[in-house]
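Chemist: Next up is a structure, given as structure tokens.
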Amino acid sequence: MPYAEGQTIHDADSHIMELPGTINRYLDPRFRDDFVAKTGRKDVLPEWFANAAAKHEDAEFRAGAEANILLRKNYEALGAFRADDRPKTLDYLGFASQLVFTTACLSNFGLEQMGEVELAIEAARAHNRMMTEFCSVDRRLLATAYVPLIDRQRAPEIAREAIALGAKGLIIPSRHPPGFSPSHVELDPLWALIEEAGLPVLFHVGGEEKMAHDYLENGLPYVKDFHGGDENFTSLTFMAIPLSVWQTLSALVIDGVFDRFPRLKWGAIELGASWLPSLMKFLDSGVAAFGREARLQTLSGKPSEILRRQLRVTPYPHEDVRWIIENSAEEMILFSSDFPHVEGGRNPLKRFNDSLEGASPRAKRAFYRDNFIDLMGRGLDPALHDLPQVAAA
């Protein structure tokens with residue numbers, strides 16, 4: 001019996017859990033040594049990861065996969081890093097499709113911030129080869145590809161290559177590229193290419209500017225993240241997650257990118273959504289205050305209306321989803337599981353359903369189905385819009 005039954009649910013955020021060094025195998029051999037030297041990401045399989053991989057060869061462990069589909073997390077989850085297992089994962093979850101992201105490459109290894117332009121581009125291409133190959137085993141798995149903006153002339157080339165490989169969504173960082181705005185007019189060929197392909201541009205957590213380390217120097221014991229390390233967020237550093245996407249979206253709207261490409265959809269994934277109503281109001285307020293600027297006088301409507309037309313956002317399961325919908329728009333918010341990450345929890349449907357208590361049936365259907373279909377455009381085969389058993393009913 002699948003986890004989700006009786007309705008079509010599309011998952012806007014899931015991940016693979018690459019074993020160490022997986023990306024290296026997709027790098028052009030000419031770049032591998034330099035990549036390892038600059039990032040420290042060797043193609044190795046330490047004992048802990050080797051043991052995790054060996055578990056998936058054990059018949060007894062595999063026999064419990066369905067019963068533990070949302071209980072086993074990270075490397076223990078079915079289909080976390082073995083592509084051939086991922087279709088069965090979707091069968092057990094019962095989702096109609098999954099947008100699939102990396103885990104290890106979310107920041108493109110910081111290469112853009114290092115000024116390593118060539119390595120940043122090659123790492124992105126390797127990531128795109130890796131993701132499209134993994135997702136090629138099942139059309140329900142929608143591969144995401146990364147497009148670094150650091151080289152404005154080559155960005156369309158990278159996107160075109162990724163689309164040809166089978167990517168269904170194009171990720172860009174939510175922080176600005178070094179030295180210029182993501183609204184730079186020389187990026188218009190990139191947006192035109194993606195709009196013509198009918199695919200979305202995506203932001204995902206990991207591509208933002210992190211909270212300045214100075215805020216952590218408070219004279220008190222250092223706080224570890226929920227894994228016991230320092231790679232993920234604490235209650236304080238969590239607060240900086242939406243700041244970059246807030247600024248980037250503001251620039252894209254105010255500088256007219258959204259209006260120049262009105263059919264292009266944008267998705268903010270695993271960045272939370274409680275900030276969205278405030279951004280919409282704050283942008284409207286800013287445009288009202290500075291309305292004499294020529295660029296504002298050419299906007300097609302209020303910024304909130306433009307965002308409502310083109311932006312879709314995934315809330316975290318601990319957020320008040322009904323409040324977010326009521327204070328933004330029901331067509332803007334969509335479901336995600338974060339499978340197989342711990343942050344997604346063991347029962348995301350219950351948490352979201354509880355948060356949606358009192359929302360209209362139309363709003364719930366939009367959250368679980370319609371808004372994802374709208375976001376993905378031609379990236380989602382129309383045959384996948386509904387589960388066969390639901391469509392037949």
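Chemist: Within the stretch 334-356, which residues are outside any helix (DSSP H, G or I) and either surrounded by fewer than 12 Cβ atoms within 10 Å (Cβ to Cβ) or aliphatic (A, V, I, L, M) (or both)? Talk me through it step by step, then tell me what you get.
Modeler: In the first step, residues of the stretch 334-356 are kept if they are outside any helix (DSSP H, G or I); the result is 334-341, 345-347, 356.
Across the stretch 334-356, the qualifying residues are Leu334, Leu356.
Chemist: Determine whether Ala12 is part of a helix (DSSP H, G or I) and either in contact with a Lys or Arg (Cβ under 7 Å, 6 or more places away or on another chain) or surrounded by 15 or more Cβ atoms within 10 Å (Cβ to Cβ) (or both).
Modeler: On the way: part of a helix (DSSP H, G or I): no; either in contact with a Lys or Arg (Cβ under 7 Å, 6 or more places away or on another chain) or surrounded by 15 or more Cβ atoms within 10 Å (Cβ to Cβ) (or both): yes.
So Ala12 fails the test.
The rows are residues; the columns are (1) at pLDDT 95 or above; (2) of a type in the set (A, V, I, L, M).
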position: Thr234; (1), (2): no, no
position: Ile241; (1), (2): no, yes
position: Phe258; (1), (2): yes, no
position: Leu271; (1), (2): yes, yes
position: Leu279; (1), (2): yes, yes
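Chemist: Further question on the same structure: Which condition from (1) surrounded by fewer than 21 Cβ atoms within 10 Å (Cβ to Cβ); (2) basic (Lys, Arg); (3) touching a helix residue (DSSP H, G or I) at 6+ places or on another chain (Cβ under 8 Å) is the one that Arg312 breaks?
Modeler: Going through the list (1) surrounded by fewer than 21 Cβ atoms within 10 Å (Cβ to Cβ); (2) basic (Lys, Arg); (3) touching a helix residue (DSSP H, G or I) at 6+ places or on another chain (Cβ under 8 Å), Arg312 breaks only (1).
Chemist: Just one of the numbered conditions (1) modelled with pLDDT of 95 or more; (2) β-branched (Val, Ile, Thr); (3) surrounded by 19 or more Cβ atoms within 10 Å (Cβ to Cβ) is not true of Thr298; which one?
Modeler: Just one mismatch for Thr298, condition (3).
Chemist: Still on this model: Would you check if there is a residue in the stretch 177-195 being β-branched (Val, Ile, Thr) and surrounded by 20 or more Cβ atoms within 10 Å (Cβ to Cβ)?
Modeler: yes
Chemist: Moving to a separate point now. Answer yes or no: is there a residue in the stretch 263-279 that is over 24 Å from Asp11 (Cβ atoms), buried (at least 17 other Cβ atoms within 10 Å of the Cβ), in contact (Cβ under 8 Å) with a residue 12 or more places away in the chain and of a type in the set (A, V, I, L, M).
Modeler: For the stretch 263-279, residues over 24 Å from Asp11 (Cβ atoms), buried (at least 17 other Cβ atoms within 10 Å of the Cβ), in contact (Cβ under 8 Å) with a residue 12 or more places away in the chain and of a type in the set (A, V, I, L, M): present.
Chemist: For the condition within 25 Å of Met280 (Cα to Cα) and outside any helix (DSSP H, G or I), what is the one hit in Arg322, Arg312?
Modeler: Arg312
Chemist: Quick one: in the stretch 15-43, of everything that is farther than 22 Å from Asp84 by Cα and either in contact with a Pro (Cβ under 9 Å, 6 or more places away or on another chain) or of a type in the set (Gly, Ala, Ser) (or both), which residue is surrounded by the most Cβ atoms within 10 Å (Cβ to Cβ)?
Modeler: Arg41
Chemist: In this structure, does Asp374 turn out to be surrounded by 14 or more Cβ atoms within 10 Å (Cβ to Cβ) and assigned to a helix (DSSP H, G or I)?
Modeler: Values: surrounded by 14 or more Cβ atoms within 10 Å (Cβ to Cβ): yes; assigned to a helix (DSSP H, G or I): yes.
Spelling it out, Asp374 is indeed surrounded by 14 or more Cβ atoms within 10 Å (Cβ to Cβ) and assigned to a helix (DSSP H, G or I).
Chemist: Sticking with this structure for a sec: Regarding the stretch 100-122, can at least one residue be identified that is closer than 23 Å to Ala383 by Cα and either crowded, with 19+ Cβ neighbours inside 10 Å or in contact (Cβ under 8 Å) with a residue 60 or more places away in the chain (or both)? Working first, answer last.
Modeler: Of the stretch 100-122, the ones closer than 23 Å to Ala383 by Cα are 100-101.
The next check asks that each one be either crowded, with 19+ Cβ neighbours inside 10 Å or in contact (Cβ under 8 Å) with a residue 60 or more places away in the chain (or both); those that pass are 100-101.
Yes: one or more hits.
Chemist: Of the residues Val287, Val342, Val321, Val313, which is at pLDDT below 95 and hydrophobic (A, V, I, L, M, F, W, C)?
Modeler: Going through Val287, Val342, Val321, Val313 in turn, the sole match is Val342.
Chemist: Kindly indicate whether His341 is touching a residue at least 24 places away in the same chain (Cβ under 8 Å), out of contact with any Asp or Glu (no Cβ under 7 Å at 6 or more places or on another chain) and more than 19 Å from Leu271 (Cα to Cα).
Modeler: No: the conditions fail for His341.
Chemist: Which residue, of Ala392, Ala366, Ala383, Ala359, is of a type in the set (Gly, Ala, Ser), at pLDDT below 95 and either out of contact with any Gly (no Cβ under 7 Å at 6 or more places or on another chain) or buried (at least 19 other Cβ atoms within 10 Å of the Cβ) (or both)?
Modeler: From the options Ala392, Ala366, Ala383, Ala359, the qualifying one is Ala392.
Chemist: Can you find, within the stretch 125-174, the residue that is surrounded by the fewest Cβ atoms within 10 Å (Cβ to Cβ) among those that are assigned to a loop (DSSP other than H, G, I, E, B) and among the aliphatic types (A, V, I, L, M)?
Modeler: The qualifying residue surrounded by the fewest Cβ atoms within 10 Å (Cβ to Cβ) is Val137.
Chemist: Quick check on this structure: which one of Glu122, Glu112 is under 17 Å from His204 (Cβ atoms), part of a helix (DSSP H, G or I) and acidic (Asp, Glu)?
Modeler: Going through Glu122, Glu112 in turn, just one is under 17 Å from His204 (Cβ atoms), part of a helix (DSSP H, G or I) and acidic (Asp, Glu): Glu112.
The values are calculated or read from the model by the stated rules, or taken from the named source; none is laboratory data. The structure displayed is predicted, hence computed values, not measured ones. Don't worry about glycine lacking a Cβ; one is built from the backbone with ideal geometry, like all the others, and counts go over all protein chains shown.
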